[in-house]
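Report on the following structure.
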Amino acid sequence: MSGYLKSYVAAAMEKDPAATSKIMVLFTYPGVKALMWHRPANWCYRHKMKFLARVISQHVRFWTGIEIHPGATIGKGVFIDHGAGVVIGETAEVGNNVTLYQGVTLGGTGKDAGKRHPTIEDNVVIAAGAKVLGPFTVGKGSKIGAGSVVLKPVPENCTVVGVPGRIVKQDGKRVDSLNQVELPDPVLEELRRINARLTQIENLSGINCSRYSIANEENTKSTETID
């Protein structure tokens, strides 16, 4: 086995307690298969054989459910656990010993040419369903929580959670509460904006009505009704 393939198998053995043998990992783990076939696909892509590169990557996508663009740069010791729904874009760069769980997207924003996907530095862990979108860097040793949507650079050794993602730990010290109730909720924030606008319209129209909304921090009631 090549050095890269050995590192992928070793990473699976180290990080997955269900992995009982290297043979099992090599022949049955979709993440290892996707990474293994990415090596020749990437070689073809770099040597101007882009059609063949895409043929390889699309076959791998069909058999594993993992889509790695042949132009992506993948380091050693990467572990893709479960793998279903993982997408890694063309200009993405993934460092050494990175762990990606199912449903992770390393994607771009817009249709600009050039670098448009994230750079994931060494020893980063990205949990299930997280989306990292844009041409910025996630620093070494950082962790991205499940379901997070990260749109801005992340310094080294940070923990990021939420939609949009925000830093809650840096260098082992808590930056903000991890309480899920306190995480920003974009839907609730939009409801608050709509509710505030409705209140302004009612005030300008001289209308006073009873309306309960979870977006209101204080709910007011009136006996007057709208005809």
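Structure data summary
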{"item": "Overall dimensions of the chain by Cα: Rg and Dmax, Å", "result": "23.0, 79"}
{"item": "Cross-link partners of LYS131 among lysines (Cα-Cα below 27 Å; sequence separation of 8 or more within a chain)", "result": "LYS15, LYS33, LYS50, LYS76, LYS111, LYS115, LYS140, LYS143, LYS152, LYS169, LYS173"}
{"item": "Directionally averaged shadow of segment 1-130, computed from the convex hull of its alpha-carbon atoms, nm²", "result": "7.5 nm²"}
{"item": "Loop trypsin sites (Lys or Arg not before Pro), segment 12-55 (other Cβ atoms within 10 Å of the site Cβ: 12 or fewer; DSSP)", "result": "LYS48"}
{"item": "Sum of -39500 (n - 2.57) over DSSP H runs of 4+, divided by residues of the chain (222 nm, nearest 500)", "result": "-10500 deg cm²/dmol"}
{"item": "Per-residue Cβ neighbour rank within 10 angstrom, fewest leading, LEU198, LEU188", "result": "LEU188, LEU198"}
{"item": "Local electrostatic count at THR109 - Lys and Arg +1, Asp and Glu -1, tallied over other residues with Cβ under 12 Å", "result": "+4"}
{"item": "Unit charges on C-beta of K, R, D, E only; dipole of the chain, Debye", "result": "1180 debye"}
{"item": "Relative contact order of the chain, defined on C-alpha pairs under 8 angstrom at six or more residues apart (%)", "result": "9 percent"}
{"item": "Stokes-Einstein translational diffusion, segment 93-153 - Kirkwood Rh over all Cα pairs, 0.692 mPa s, 37 °C, in µm²/s", "result": "290 µm²/s"}
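No lab work stands behind these numbers, since they all come straight from the coordinates. Here the structure is a predicted model, which means the values were calculated and not measured. Note: ideal-geometry Cβ built from the backbone for every residue, glycine included; neighbour counts use all protein chains shown.
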